[in-house]
Amino acid sequence: MPQEPALVCTYGPSGSGKTTDTGYSFPRGLFVAARGALNSIKSLCGYDPQTVEAQTIDDATEALETLAKRKHNFDSVIVDDFSFLAEQQFSLYDKRFNGFTLWGKLRDSALRFRNAARYSNCHVILNCWEQPPKMKQDGTRVRGGPMLSGRLPEQIPAMCDLVLRCGHEPMRKPWPGVYRCAYSTDFVMKDRFNIASVLDPAPMNLAEILRAAGFEVARHPDLDWQEDTVQSVAQALLDGGDLTSTVNTAYSGLLEHGISPAAARWTLRDAMDRSVIRRALDARNTTFLS
């Protein structure tokens, strides 16, 4: 198992599913967010996440530093939306500094955040907006990536273990969201765990990606049965079970046992994604050249 918790950055347009995925993936996480940013978690995942409000990167850093100083039951901290916090941080500094001092202060805030994340003793996930590739006036091409000011679009990913770009695969049912992670001269992506990059595109399921990398990611305290069911259904699919009939039968069985439709969908989402991830990793491990 990896020794240190993961530092992850995801980026994509509004509505791409980043927030909802972190809700599904980290039900025992602490969400650092602006007010109203997490409504999709309650409506789709079926629970109210633990939250602390933040307006700037420094606010998020203070939340991490406070967490590191005390015992806590969180397995992760999710900063949503990090682009908004960076924008507010820049606006704050822009009123007080200029030139190289301004950019230096912004970089210092990012470094302080990175250090706090590394010592928080839990996974830290940054959800960001996306900015496209662009060309500077001197002809230098800048890769697309998380929407951040100055050099942060490259500096923040450099701090992370996993950098994923949100995508959409219409043929992937019933959840079309995916994470892209491949070498690209156009967009910043990264995978120190060699999981998402093998799958590209990977299911939009951070918890299952991290579990495949050897991390423990806790289930919701009210869904302690969920892991056994996920594993059972995933194994049935890996053993050649028909996708539609296998998941429909499992869904009906969960409802008959009094499981809510939201929790049942959540369970089958993880099972389907786990089977996809394991099938791809098994293929990698059994083939040297293809």
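The values are calculated or read from the model by the stated rules, or taken from the named source; none is laboratory data. All values reported here derive from a predicted model rather than from experimental measurement. Neighbour counts run over all protein chains shown; Cβ positions are idealised from the backbone, glycine included. To get the accessible areas, we keep the full protein, side chains included, count just its heavy atoms, and leave off ligands, DNA and RNA. Shrake-Rupley method; radii C 1.70, N 1.55, O 1.52, S 1.80 Å.
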Legend entry - Residue satisfying all of: in the stretch 1-32; β-branched (Val, Ile, Thr) and open to solvent by less than 20 Å² (accessible area, probe 1.4 Å); nearest to Asp81 (Cα to Cα) among these: Val32
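Between Phe113, Phe90, Phe97, Phe84, which is in a loop (DSSP other than H, G, I, E, B) and surrounded by 14 or more Cβ atoms within 10 Å (Cβ to Cβ)? Can you show your working first?
Details: Phe113 fails: in a loop (DSSP other than H, G, I, E, B); Phe90 fails: in a loop (DSSP other than H, G, I, E, B); Phe84 fails: in a loop (DSSP other than H, G, I, E, B).
After ruling out the rest, the residue left standing is Phe97.
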Legend entry - Boolean, Glu216 is modelled with pLDDT of 95 or more, open to solvent by 40 Å² or more (accessible area, probe 1.4 Å), charged (D, E, K, R) and closer than 15 Å to Arg28 by Cα: no
Legend entry - Sole exception among (1) open to solvent by less than 30 Å² (accessible area, probe 1.4 Å); (2) in contact (Cβ under 8 Å) with a residue 60 or more places away in the chain; (3) under 22 Å from Ala202 (Cα atoms); (4) out of contact with any Ser or Thr (no Cβ under 9 Å at 6 or more places or on another chain) for Leu164, by number: (4)
Legend entry - Count of residues meeting criterion [in contact with a Ser or Thr (Cβ under 6 Å, 6 or more places away or on another chain) and open to solvent by 20 Å² or more (accessible area, probe 1.4 Å)] in the stretch 233-290: 2
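Got at least one residue in the stretch 192-199 being touching an Asp or Glu at 6+ places or on another chain (Cβ under 6 Å), within 30 Å of Pro153 (Cα to Cα) and not small (Gly, Ala, Ser)? Reasoning before the result, please.
Step one: filter the stretch 192-199 for residues touching an Asp or Glu at 6+ places or on another chain (Cβ under 6 Å), giving 192, 197.
Filter again for within 30 Å of Pro153 (Cα to Cα), leaving 192, 197.
Filter once more, keeping what is not small (Gly, Ala, Ser): 192.
So far as the stretch 192-199 goes, yes, one or more of its residues are touching an Asp or Glu at 6+ places or on another chain (Cβ under 6 Å), within 30 Å of Pro153 (Cα to Cα) and not small (Gly, Ala, Ser).
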Inset, instruction - Scan the stretch 170-183 residue by residue and report those that are modelled with pLDDT of 90 or more, over 14 Å from Asp21 (Cα atoms) and either charged (D, E, K, R) or open to solvent by 20 Å² or more (accessible area, probe 1.4 Å) (or both). - result: Arg180, Ala182
Legend entry - Out of Leu199, Leu164, sole residue that is among the aliphatic types (A, V, I, L, M), at pLDDT 90 or above and in contact with a Gly (Cβ under 9 Å, 6 or more places away or on another chain): Leu164
Inset, instruction - Identify the single condition in (1) touching a strand residue (DSSP E or B) at 6+ places or on another chain (Cβ under 8 Å); (2) more than 23 Å from Ser14 (Cβ to Cβ); (3) surrounded by fewer than 22 Cβ atoms within 10 Å (Cβ to Cβ); (4) at pLDDT below 90 that Thr140 does not satisfy, given that it satisfies every other one. - result: (1)
Legend entry - Yes/no for Val198 being hydrophobic (A, V, I, L, M, F, W, C), open to solvent by 10 Å² or more (accessible area, probe 1.4 Å), over 18 Å from the mean Cα position of the chain (by Cα) and over 24 Å from Asp48 (Cα atoms): no
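For the stretch 143-158, how many residues meet the condition of being open to solvent by less than 20 Å² (accessible area, probe 1.4 Å) and either outside any strand (DSSP E or B) or farther than 22 Å from Gly15 by Cβ (or both)? Even if it seems obvious, please write down each step before you answer.
The initial filter retains those residues of the stretch 143-158 that are open to solvent by less than 20 Å² (accessible area, probe 1.4 Å), namely 144-146, 148, 152-153, 156-157.
Add one more test, that the residue is either outside any strand (DSSP E or B) or farther than 22 Å from Gly15 by Cβ (or both), and what stays is 148, 152-153, 156-157.
The total comes to 5.
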Inset, instruction - All but one of (1) within 18 Å of Tyr11 (Cβ to Cβ); (2) in contact with a Gly (Cβ under 8 Å, 6 or more places away or on another chain) hold for Leu206, so report the exception by its number. - result: (2)
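In this structure, does Ile209 turn out to be surrounded by 13 or more Cβ atoms within 10 Å (Cβ to Cβ), within 15 Å of Leu164 (Cβ to Cβ) and touching a helix residue (DSSP H, G or I) at 6+ places or on another chain (Cβ under 9 Å)?
yes
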Inset, instruction - For residues that are open to solvent by 50 Å² or more (accessible area, probe 1.4 Å) and within 14 Å of Phe31 (Cβ to Cβ), scanning just the stretch 53-65, find the one that is modelled with the highest pLDDT. - result: Asp59
Inset, instruction - Only residues in the stretch 220-232 that are open to solvent by 80 Å² or more (accessible area, probe 1.4 Å) count as the first member; pair them with residues that are among the aliphatic types (A, V, I, L, M) and modelled with pLDDT under 95, Cβ under 8 angstrom, at least 6 apart or cross-chain, and list the lot. - result: none
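Scanning the stretch 184-195 for residues that are more than 14 Å from Glu130 (Cβ to Cβ) and in contact with a Cys (Cβ under 9 Å, 6 or more places away or on another chain), which turns out surrounded by the fewest Cβ atoms within 10 Å (Cβ to Cβ)?
Looking at the filtered set, the residue picked out is Arg192.
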